[in-house]
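Enquirer: One structure, pasted below without further comment.
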2 protein chains.
Amino acid sequence: MMKVIKYPKRETWQNLCQRAQIERKTLTSSVADILETVKLKGDRALLDFTEKFDGVALDSLVVQPEEITEAKTKVSTELKEAIVLAKNNIERFHKTQQSNEKKVETIEGVVCWRKSVAIEKVGLYIPGGSAPLFSTILMLAIPARIAGCKEIVLCTPPNAAGSIAPEILFTANLVGVTKIVKVGGAQAIAAMAYGTTSVPRVYKILGPGNQYVTKAKELVQIDGVAIDMPAGPSEVLVLADETAVPEFVAADLLSQAEHGPDSQVILVGTTAEILEKTLRELEKQLAALPRKTIASKALDNSRAILVESLTEGIAFSNEYAPEHLILASENASTVMDAIVNAGSVFLGNYSCESAGDYASGTNHTLPTNGFAKNFSGVSLDSFVKKITFQELTKKGIQNIGPAIELMAAAEGLDAHKNAVTLRLNQVENV
Amino acid sequence: MMKVIKYPKRETWQNLCQRAQIERKTLTSSVADILETVKLKGDRALLDFTEKFDGVALDSLVVQPEEITEAKTKVSTELKEAIVLAKNNIERFHKTQQSNEKKVETIEGVVCWRKSVAIEKVGLYIPGGSAPLFSTILMLAIPARIAGCKEIVLCTPPNAAGSIAPEILFTANLVGVTKIVKVGGAQAIAAMAYGTTSVPRVYKILGPGNQYVTKAKELVQIDGVAIDMPAGPSEVLVLADETAVPEFVAADLLSQAEHGPDSQVILVGTTAEILEKTLRELEKQLAALPRKTIASKALDNSRAILVESLTEGIAFSNEYAPEHLILASENASTVMDAIVNAGSVFLGNYSCESAGDYASGTNHTLPTNGFAKNFSGVSLDSFVKKITFQELTKKGIQNIGPAIELMAAAEGLDAHKNAVTLRLNQVENV
């Protein structure tokens, strides 16, 4: 169960904010081998690795239209409707992120602006495993479509029968993924980074994965392929005061803890009573949970911390920089402006993390492991680059030309200066 | 001199777009050693490396106020005024990048929004060498200040006398750098990534540098420190038609070529005449250039390409994805919407690259080496992260709760479902 720490001194905060050390296996050489093999042998390598790691000999890597048609019949109407509701909300939220920056005349005759242009080809990775993570497809493919990415490739490992979960196929088709490939692991990342006959080379790869996938993303990044963000176990910090509902807080902590034994769960309370009540609820709810063993391991590494006030709680949270921050308080709005480091913030007693994980509209691909200090979650921004434009008139070059000449000369770059001098001479001679 | 290629077939474009292979020295272990030493020994290591690599035994790493006061007296009034003019334009342009996204109610009772919050601590690296690159300080520190970064640390190597160029000190002080440290190379990157007594640990490191600096940035990135973008030699593609001014085009090509022998210079022309005239001008101007040897080496690796039209030229440029794209044409505006991959675009005969390098207002820290396909240049965005917020009312959880329950159950995450069920029960029982 969670370790309780009462009124820790500021000096100890940094220590309390430590994540469990991720055991970094030295996968580099084995993953590098996989990348190299895919680079050399293309589809052949993908088929071989799939046989080796997923235990299935495929005829074709690419999902065929018939498979999608069949998948649609296998997903219940209720679940389809739920996915469509989530899709609509996610679309609405991500469409507000379309930027429309104005041209600015920085000085007479010098007009500058930026334009958002989609990254042409992106690759999404969706892990396999016992449950199909179709919600992550919504979170990655919807902004990719809104951005205008032309190719949206999705790689996910097949099961032992050589097929993909119908929920994955239904969702990917619904949101406009252009190609679904039955390949997982480091070999999937390699295929998208370097291209094979079946898998187009993409410019950016997004999505969660195991240690092999993470290492592969890290390695292809050195080759210039962009990735979404560094990976780490999922985490939540719940800041609760006396207006919180212990039953809800406990449920939110457990919904994080059930992700995996390495999940990070932090409860920060402003009264001893809310901590105690929540911990009692936690034990009760935990006992009834199917993933009890996983959740209870995660809780063993977790902490319940008593602080003086919501304000102090926010200060602690800023130091921790949680992926998810739940302000379980009716007074959330009075302190939310003080939040500096967090991935996604949930305000009040009815904003549970599950809402953001699935259907409220915000993205669930968020910075973990303290990276909320320097990274944003996935958004429309993740699928565009912003190109700057500028246009100078004769008046413009006259206004800034002399300054450029001086600065270029001081930096020892005469050709830079000359490009201006020639233009100034011509303008003055006309 | 540049190699001329007439009407190349599309199949050959990819080949023509190849950058010269950067010789990747196997610096990993020596740079990793430097990082480790700085991590262990802190300031002591910085002083030792500075003595070893920069040839000077410093008393103190941090620039003192007296040194800044003195520097101010050493920069000419004209240059100071030029720097201030550039600063004003850069500020104006980067201020337009402040986003002000509205709250959106994705469905009744569910309100979501994003808030831009400054990365609290950033580190800027400015290389040493023969000429002081003070313009890069403007490009990095101005958006950092506008974003609201609290600590802006600048590291730059001292000269053999133990001092920093006055232009660097003047500019850094002008734009609000909070600490200037006399340290260069991989040891500077290590200091900013891990922190020492004199150098605060930062969350993101930006700025150009040699191979050691680049490798160090790559390695600390694996530890979760964010960096601006992958590095590569600077490059320009000039697309010229019959309305271009050969003299200007040649000057722009040379202003790129003088950066270094590995600079990339591509001239794309729509008529044989514009290519010939430009190449003739190029030889003439080259002869008069102080950095002639460097520029002419760069030109040897460069290409002049004849295409059918501006439209075809843009298509080629999109394949190349240049850091800088100059549309040397009076018809630039007719084709600019077709630009998909470029770092910064200069429209018409008076928009020289030097303008954007120094004073028009746009940023000069841009993606090279084809990375304009998946990265943006530095902007205000580089200094903030965007935190998402959401607030659900009872009505909100009623509207999306059932969908979340279905989706969570389908993903096998019962605690996620339970966090919603408990709230729905409570709302319905009231």
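The values are calculated or read from the model by the stated rules, or taken from the named source; none is laboratory data. This one's a predicted model, so the numbers in the text were calculated from it and none came from an experiment. When we count neighbours, we look across all protein chains shown, and the Cβ atoms used for this are built from the backbone with ideal geometry, even at glycine.
Enquirer: Being of a type in the set (Asp, Glu) and over 15 Å from A:ARG114 (Cβ atoms) is the filter here, so list the residues in the stretch B:313-351 that pass it.
Expert: Result: B:GLU319, B:GLU323, B:GLU330.
Enquirer: While we're here: Please name all residue pairs, on different chains or six or more residues apart, with Cβ atoms under 9 Å, provided the first residue is in the stretch A:133-153 and is of a type in the set (Lys, Arg) and the second residue is buried (at least 24 other Cβ atoms within 10 Å of the Cβ) and part of a helix (DSSP H, G or I).
Expert: Note: pairs meeting the criteria are A:ARG145/A:PHE383.
Enquirer: Is the stretch B:67-86 home to any residue that is on the phi > 0 side of the Ramachandran plot and at pLDDT 95 or above?
Expert: no
Enquirer: Name the residue that is nearest to B:LYS204 (Cα to Cα), counting only residues in the stretch B:103-132 that are surrounded by 24 or more Cβ atoms within 10 Å (Cβ to Cβ) and at the interface with chain A (Cβ under 8 Å from one of its Cβ atoms). Steps first, please.
Expert: Narrowing the stretch B:103-132 to residues surrounded by 24 or more Cβ atoms within 10 Å (Cβ to Cβ): B:106, B:110, B:112, B:114, B:119, B:122-126, B:132.
Those left that are additionally at the interface with chain A (Cβ under 8 Å from one of its Cβ atoms): B:106, B:110, B:112, B:114, B:119, B:132.
Working: B:THR106: 33, B:VAL110: 33, B:CYS112: 27, B:ARG114: 21, B:ILE119: 8, B:PRO132: 23 Å.
Among those that are surrounded by 24 or more Cβ atoms within 10 Å (Cβ to Cβ) and at the interface with chain A (Cβ under 8 Å from one of its Cβ atoms), it is B:ILE119.
Enquirer: Given (1) part of a strand (DSSP E or B); (2) over 18 Å from the mean Cα position of the chain (by Cα); (3) β-branched (Val, Ile, Thr), identify the lone condition not met by B:VAL153.
Expert: Unmet condition: (2).
Enquirer: How many of the residues in the stretch B:193-230 are crowded, with 23+ Cβ neighbours inside 10 Å, more than 18 Å from the chain's Cα centre (by Cα) and in a helix (DSSP H, G or I)?
Expert: 1
Yes/no matrix, rows are residues, columns are (1) at pLDDT below 90; (2) among the small types (Gly, Ala, Ser); (3) within 27 Å of A:GLY195 (Cα to Cα); (4) touching a Ser or Thr at 6+ places or on another chain (Cβ under 9 Å):
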{"site": "A:GLN14", "(1), (2), (3), (4)": "no, no, no, no"}
{"site": "A:GLN21", "(1), (2), (3), (4)": "yes, no, no, no"}
{"site": "A:LEU35", "(1), (2), (3), (4)": "no, no, yes, no"}
{"site": "A:VAL38", "(1), (2), (3), (4)": "no, no, yes, yes"}
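Enquirer: When you look at A:PHE375, is it within 8 Å of chain B (Cβ to nearest Cβ) and assigned to a strand (DSSP E or B), yes or no?
Expert: For A:PHE375, the condition - within 8 Å of chain B (Cβ to nearest Cβ) and assigned to a strand (DSSP E or B) - is not met.
Enquirer: I'm checking my understanding of the structure. Among residues of the stretch A:349-364 that are hydroxyl-bearing (Ser, Thr, Tyr) and part of a loop (DSSP other than H, G, I, E, B), which one is surrounded by the most Cβ atoms within 10 Å (Cβ to Cβ)? Can you show your working first?
Expert: Initially, the stretch A:349-364 is screened for residues hydroxyl-bearing (Ser, Thr, Tyr), giving A:350-351, A:354, A:358, A:360, A:362.
Subset that is part of a loop (DSSP other than H, G, I, E, B): A:350-351, A:360, A:362.
Numbers: A:TYR350: 25, A:SER351: 29, A:SER360: 32, A:THR362: 28.
Among them, the one singled out is A:SER360.
Enquirer: Yes or no: the stretch B:121-140 includes at least one residue that is more than 21 Å from the chain's Cα centre (by Cα) and modelled with pLDDT under 95. Can you show your working first?
Expert: Quick first cut of the stretch B:121-140, residues more than 21 Å from the chain's Cα centre (by Cα) only: B:130.
The next check asks that each one be modelled with pLDDT under 95; those that pass are B:130.
Yes, the stretch B:121-140 contains at least one residue that is more than 21 Å from the chain's Cα centre (by Cα) and modelled with pLDDT under 95.
Enquirer: Go through the stretch B:272-301 and give me each residue that's closer than 23 Å to B:GLY209 by Cα and surrounded by 19 or more Cβ atoms within 10 Å (Cβ to Cβ).
Expert: Those that are closer than 23 Å to B:GLY209 by Cα and surrounded by 19 or more Cβ atoms within 10 Å (Cβ to Cβ): B:ALA295, B:SER296, B:ALA298, B:LEU299.
Enquirer: Among all residue pairs at least 6 apart or on different chains, which show Cβ distances below 6 Å where the first residue, located in the stretch B:56-84, is not assigned by TED's automatic domain parsing to the domain that holds B:GLY361 and the second is surrounded by fewer than 16 Cβ atoms within 10 Å (Cβ to Cβ) and of a type in the set (A, V, I, L, M)?
Expert: Partner pairs satisfying both residue conditions: B:VAL56/B:ALA160.
Enquirer: On to the next question. Could you please let me know if B:CYS17 is touching a residue at least 40 places away in the same chain (Cβ under 8 Å), of a type outside the set (Val, Ile, Thr), closer than 30 Å to A:LYS417 by Cα and not assigned by TED's automatic domain parsing to the domain that holds B:PRO143? Before you say what the answer is, go through the steps one by one.
Expert: Working: touching a residue at least 40 places away in the same chain (Cβ under 8 Å): yes; of a type outside the set (Val, Ile, Thr): yes; closer than 30 Å to A:LYS417 by Cα: yes; not assigned by TED's automatic domain parsing to the domain that holds B:PRO143: yes.
Judged against the criteria, B:CYS17 is a match.
Enquirer: Given the conditions (1) among the polar types (S, T, N, Q); (2) more than 23 Å from the chain's Cα centre (by Cα); (3) facing chain A (nearest Cβ under 7 Å); (4) part of a helix (DSSP H, G or I), and given that B:GLN398 satisfies all but one, which numbered condition is not satisfied?
Expert: Only one criterion is unmet by B:GLN398, namely (3).
Enquirer: Scan the stretch B:386-393 and give yes if some residue there is at the interface with chain A (Cβ under 7 Å from one of its Cβ atoms), part of a loop (DSSP other than H, G, I, E, B) and either over 26 Å from A:ALA257 (Cα atoms) or not basic (Lys, Arg) (or both), otherwise no.
Expert: Step one: list which residues in the stretch B:386-393 are at the interface with chain A (Cβ under 7 Å from one of its Cβ atoms), which gives B:386-393.
Then keep just the ones that are part of a loop (DSSP other than H, G, I, E, B); that gives B:393.
From the residues that got through so far, the ones that are either over 26 Å from A:ALA257 (Cα atoms) or not basic (Lys, Arg) (or both) too are B:393.
Checking the stretch B:386-393: at least one residue is at the interface with chain A (Cβ under 7 Å from one of its Cβ atoms), part of a loop (DSSP other than H, G, I, E, B) and either over 26 Å from A:ALA257 (Cα atoms) or not basic (Lys, Arg) (or both).
Enquirer: Filtering the stretch B:60-102 down to residues that are of a type in the set (Asp, Glu) and farther than 30 Å from B:ILE400 by Cβ, which residue is nearest to the other protein chains (Cβ to nearest Cβ)?
Expert: Here the answer is B:GLU78.
Enquirer: State whether one or more residues within the stretch B:207-218 are under 24 Å from B:ASN374 (Cβ atoms) and free of Cβ contacts under 8 Å to residues at least 24 places away in the same chain.
Expert: Yes, the stretch B:207-218 contains at least one residue that is under 24 Å from B:ASN374 (Cβ atoms) and free of Cβ contacts under 8 Å to residues at least 24 places away in the same chain.
Enquirer: I would also like to ask the following. Could you check the stretch A:315-356 and list, in sequence order, the residues that are touching a Gly at 6+ places or on another chain (Cβ under 8 Å) and aromatic (Phe, Trp, Tyr)?
Expert: A:TYR320, A:PHE346, A:TYR350
Enquirer: Another question, then. Select, from A:THR293, A:THR278, the only residue that is out of contact with any Leu (no Cβ under 9 Å at 6 or more places or on another chain) and not aromatic (Phe, Trp, Tyr).
Expert: It is A:THR293.
Enquirer: Being surrounded by fewer than 23 Cβ atoms within 10 Å (Cβ to Cβ) and either within 7 Å of another protein chain (Cβ to nearest Cβ) or not β-branched (Val, Ile, Thr) (or both) is the filter here; which residues of the stretch B:412-426 pass it?
Expert: If the condition is that a residue be surrounded by fewer than 23 Cβ atoms within 10 Å (Cβ to Cβ) and either within 7 Å of another protein chain (Cβ to nearest Cβ) or not β-branched (Val, Ile, Thr) (or both), then B:GLY412, B:ASP414, B:LEU422, B:LEU424, B:ASN425, B:GLN426 are the ones that fit.
Enquirer: Let me ask something additional. Say we look at the stretch A:76-98 and pick out the residues that are of a type in the set (Gly, Ala, Ser) and buried (at least 16 other Cβ atoms within 10 Å of the Cβ); which of these is nearest to the chain's Cα centre (by Cα)?
Expert: A:ALA86
Enquirer: Need a quick list: helices (runs of 4 or more DSSP H) entirely within the stretch A:240-302 having at least 1 residues that are of a type outside the set (A, V, I, L, M, F, W, C) and modelled with pLDDT of 95 or more.
Expert: A:246-257, A:272-287
Enquirer: Scan A:ALA250, A:ALA321, A:ALA288, A:ALA332 and give me the residue that is at positive phi and at the interface with chain B (Cβ under 10 Å from one of its Cβ atoms). Outline the logic, then answer.
Expert: Numbers: A:ALA250 fails: at positive phi; A:ALA288 fails: at positive phi; A:ALA332 fails: at positive phi.
Only one candidate passes the filter, namely A:ALA321.
Enquirer: Just to be sure before I move on: is B:GLY269 crowded, with 21+ Cβ neighbours inside 10 Å and free of Cβ contacts under 8 Å to residues at least 60 places away in the same chain in the structure I sent? Spell out how you get there, then give the answer.
Expert: Working: crowded, with 21+ Cβ neighbours inside 10 Å: yes; free of Cβ contacts under 8 Å to residues at least 60 places away in the same chain: yes.
So B:GLY269 passes the test.
Enquirer: Does A:ALA409 count as surrounded by fewer than 24 Cβ atoms within 10 Å (Cβ to Cβ), more than 7 Å from every other protein chain (Cβ to nearest Cβ), over 30 Å from B:ALA328 (Cβ atoms) and modelled with pLDDT of 95 or more?
Expert: It is false that A:ALA409 is surrounded by fewer than 24 Cβ atoms within 10 Å (Cβ to Cβ), more than 7 Å from every other protein chain (Cβ to nearest Cβ), over 30 Å from B:ALA328 (Cβ atoms) and modelled with pLDDT of 95 or more.
Enquirer: Provide a single number: the residues in the stretch B:321-348 that are under 18 Å from the mean Cα position of the chain (by Cα) and either farther than 21 Å from B:ILE274 by Cα or in a helix (DSSP H, G or I) (or both).
Expert: Of the residues in that region, 6 qualify.
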